[in-house]
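For reference, the structure is listed below as structure tokens.
The numbers here are math on the coordinates, done by the rules we state, and not lab data. Because the structure is predicted, anything quoted here is derived from the model rather than measured. A quick note on method: Cβ atoms are made from the backbone with ideal geometry, for glycine too, and the neighbour counts reach across all protein chains shown.
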Amino acid sequence: MSATPPFPEAQAHGSIPNYLAWSIISTVLATCLCCPLGLIGIVAIVFSSQVNSKLNQGDIEGARRSSANAKIWCWVATALAIIGLLINIVMFATGGMDAYLQMMQQYQ
């Protein structure tokens, strides 16, 4: 007797990534480093969590679509985190909020 799975769907479980860890980390970093706009990463978390539930229901194509959408939204949240990090580096290097506040007082 061979140890092959009874359904072809069982073989696909391991081949469809859910990106859940990436979506959580990128959402947290984007929110902390960038702004509340980083919460857009919640969309990635939702799609990531759909992958396993669709696989359990036998919806392989739906799981692939959710995985692809999760990956796209993970990249969006990662981009926001990188932008936020760059903004923070520039703010720190140029004197931060103190320099900005002094400049605003001079204009007044």
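Key figures for this structure:
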item	result
Fraction of alpha-carbon pairs over 14 Å apart in segment 17-58 - percent	46
Among 49-57, 27-35, the order from most to least packed when residues are scored by Cβ within 10 Å on average	27-35, 49-57
Over the chain: helical MRE at 222 nm, DSSP H runs n ≥ 4 each giving -39500 (n - 2.57), nearest 500	-25000 deg cm²/dmol
Linear extension gain, ASN56 paired with ASP98, 0.36 nm per residue minus alpha-carbon span	9.7 nm
Compactness of segment 16-107 - radius of gyration and Dmax, Cα, Å	18.1, 65
Distance (nanometres) between label positions extended 7 Å along Cα→Cβ at ILE89 and ALA68	3.3
